[in-house]
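The values are calculated or read from the model by the stated rules, or taken from the named source; none is laboratory data. The structure presented is a predicted model; accordingly, all values stated were derived computationally and were not measured. Using ideal geometry, Cβ is built from the backbone for each residue, glycine included, and neighbour counts are taken over all protein chains shown. We work out accessible area using only protein heavy atoms, side chains counted, and drop any ligands, DNA or RNA first. Shrake-Rupley method; radii C 1.70, N 1.55, O 1.52, S 1.80 Å.
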Amino acid sequence: MKKKIFISLSVVAGTLCTMALKTQLSTDAAIALGALVCSIVLWISGALPDYVTALLMAVCFILFAGVPCGIVFGAFSKPSLWLLLTAFGLSLCLSKCGLLNRIARFLLHLFPNSFMGRVLGLTAAGFISAPFVPSMSAKAAVFSPLAMNISDAAGYKRKSKEAAGLFLATLIAIRSPGPLFISASVNGYTLSGLLPQPYKEQFTMSRWFAAALPWFIIVTFLSLFIIWLIFRPKSSQNESSGNVDIPLPPMSRKEKIMLVIISATMLLWMTESLHGIPAYIVSLTALCACLGCGIISSKEFCSEMNWNAVLFIGVVLEIASVFKYLGINEWFIGHFTSVFAFFADKPYLFILTVALSTILLRFVIVSEIALINIYMVFLIPFSMEIGINPWIVSFALYSVVCPWFFLYQSPVYMAAYYACDGEMIKPSQAALGSALYMLICILSLLLSVKYWKWIGILYI
């Protein structure tokens, strides 16, 4: 019954939007915006799977708004989507063969057997794995049980502040490197695909890394300080108790092959400017090598790949192209000229507004990818109109699109929470950690503005 109500509500909302905009836009453009509003209601309510809603929206664009099929489904012929698809495949191979778990355990062995040593080990594991595992949920599912084992071995009580500190360190270690590497999450590939062509070519993986590095350093330092300040044990009595230095078994054949493939892939990604081989060609070759060497079977590739996400992202990536084709972008820019003028010489205020509005919208729009694609359709022309580099607004959105005040907001938090059976952290502790992390991310954004201006990427 609830599902039928939301579907009906979405149709009504889309129809009302179309009727209201018919006097200001062409009929086709008004219908397209109505279809988007209808889809937003369905995405918020979850009445239909995300990818089903996206495909229905695509049908409306083609059938009722007269948009060519080549534009609506144009993402499937672009490198960004193939890079995303192959990244999903490589992530699945890393998890299946056990290499990801081995890397995390190896890094933990390198740090002192103390509370902050464990926190630093988890942070290092998150950073090292970030560039070649785009699924944050997969990393959460692997790292959080590991963090719980470490917490138990150290003698920390379940849901104590120390256990919560290790859980938050794991979550932040997975989240923080995301904006640093394009390949660290689906969000990075999506935002890179949404950038206008000149900026997409400008922000290669190495350029993106260099631009995001100060933000990452500040966020990491402040996050570690807050975890130490709030969640460390009151006394050092049990700091070194518990033996978590369990010897690692010998590497399997699959792990060795996967290590060679992923190392070569990362090297070719980072040196793209030297050899000129596009990242998606490197990824496709690496995935074929994984399948050919039996890292995963064809059955696993077909059944366990996140094909739903590929379909969903492939459709929503082209919303901006649809709007450009129908002239909606020009209407939007003309309609909000006074707003553009207000933000024209206020980059700090603009970035702060984008960050705060993103956090607020995440209370309503559950899907990070849906929010990114919907919001960026309007933010990119907005930022370019006031002279701000669209990468800046993309990065500002990316850095705070991940709150976990509540369980429903974050699939990464959800994966980590349930992988530990909800035994490591209380909801109130998680909400506090989320609030502090969001404040740190916003502060780091504002502190990065001068650096972006200095390297010449703040303005277009």
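Taking the stretch 257-321 as the region of interest, what is the percent of Cα-Cα pairs per 5 angstrom bin, listed from the shortest bin to the one with the maximum distance?
3, 15, 18, 18, 19, 17, 9, 2, 0
Go ahead and run the numbers for FRET between Tyr451 and Val52, Cβ-Cβ distance against an R0 of 41 Å, rounding to 0.05.
Once rounded, the FRET efficiency stands at 0.45.
For Met1 paired with Gln202, estimate the spin-label separation in nm (one decimal), with each label point 7 Å from Cα along the Cα-to-Cβ line.
5.5
Which parts of the stretch 140-171 would a label at Lys234 reach, counting a residue when its backbone N lies under 13 Å from a point 7 Å out along Cα-to-Cβ?
161-162
Taking the stretch 1-155 as the region of interest, what is the percent of Cα-Cα pairs per 5 angstrom bin, listed from the shortest bin to the one with the maximum distance?
Reading the bins upward from 0: 2, 8, 13, 12, 10, 9, 9, 9, 9, 8, 6, 4, 1, 0.
Using only helices, what value at 222 nm comes out for the chain when you add -39,500 (n - 2.57) per DSSP H run of length 4 or more and divide by the total residues, to the nearest 500 deg cm²/dmol?
For the chain, the value works out to -23000 deg cm²/dmol.
Taking a quarter of the surface of the Cα convex hull of the stretch 91-211, what do you get in nm²?
7.9
Mind giving me the nanometre distance, one decimal, between the label points for Ser303 and Ser357, set 7 Å out from Cα along Cα→Cβ?
Using points 7 Å along Cα→Cβ, the separation is 4.6 nm.
Skipping prolines and chain starts, which residues have an amide H placed within reach, meaning under 5 Å, of the one on Ile388, given they are 5 or more residues away or on another chain?
It is Ile460, by chain and number.
With a 1.4 Å probe and every protein chain left in place, work out the accessible area per residue of the chain in Å², rounded to a whole number.
Per-residue accessible area for the chain comes out at 42 Å².
Only Lys, Arg, Asp and Glu count, each charged at its Cβ (+1, +1, -1, -1), so figure out the dipole size of the stretch 249-324 about its Cα centre, rounded to 20 debye.
My answer is approximately 160 debye.
Sort Ser434, Ser114 from largest to smallest accessible area, using a 1.4 Å probe on the heavy atoms of the protein chains.
Ser114, Ser434
Could you work out how far apart the two model spin labels at Phe406 and Cys293 are, taking each label as a point 7 Å from the Cα in the direction of the beta carbon, and quote it in nm?
Label at Phe406, label at Cys293, 4.5 nm between them.
Going by accessible area, probe 1.4 Å, with all protein chains left in place, what is the ranking of Cys441, Cys38, largest first?
Cys38, Cys441
Just to check, using Stokes-Einstein with a Kirkwood Rh over alpha carbon pairs, what's the diffusion coefficient of the chain at 20 °C and 1.002 mPa s in µm²/s?
This corresponds to a translational diffusion coefficient of 93 µm²/s.
How would Arg253, Arg118 rank on accessible area, largest to smallest, probe 1.4 Å?
Arg253, Arg118
Just list whichever of Lys324/Lys346; Lys96/Lys139; Lys200/Lys299; Lys254/Lys299; Lys78/Lys324; Lys234/Lys426 have alpha carbons separated by over 23 Å in the model shown.
Pairs exceeding 23 Å: Lys324/Lys346; Lys200/Lys299.
When all protein chains stay in place, what accessible area (Å², nearest 10, 1.4 Å probe) is found for Phe132?
Approximately 20 Å² for this residue.
To the nearest 10 square angstrom, what accessible area does Tyr199 show with a 1.4 Å probe?
Around 40 Å² of this residue is reachable by solvent.
Taking 0.36 nm per residue of separation and subtracting the Cα-Cα distance, what length does fully extending Phe225 through Leu259 add?
Working it through step by step, the gained length comes to 8.9 nm.
Looking at the stretch 126-219, which trypsin sites (Lys or Arg not before Pro) are DSSP coil and have at most 11 other C-beta atoms within 10 Å of their C-beta?
Qualifying residues, ordered by number: Lys157.
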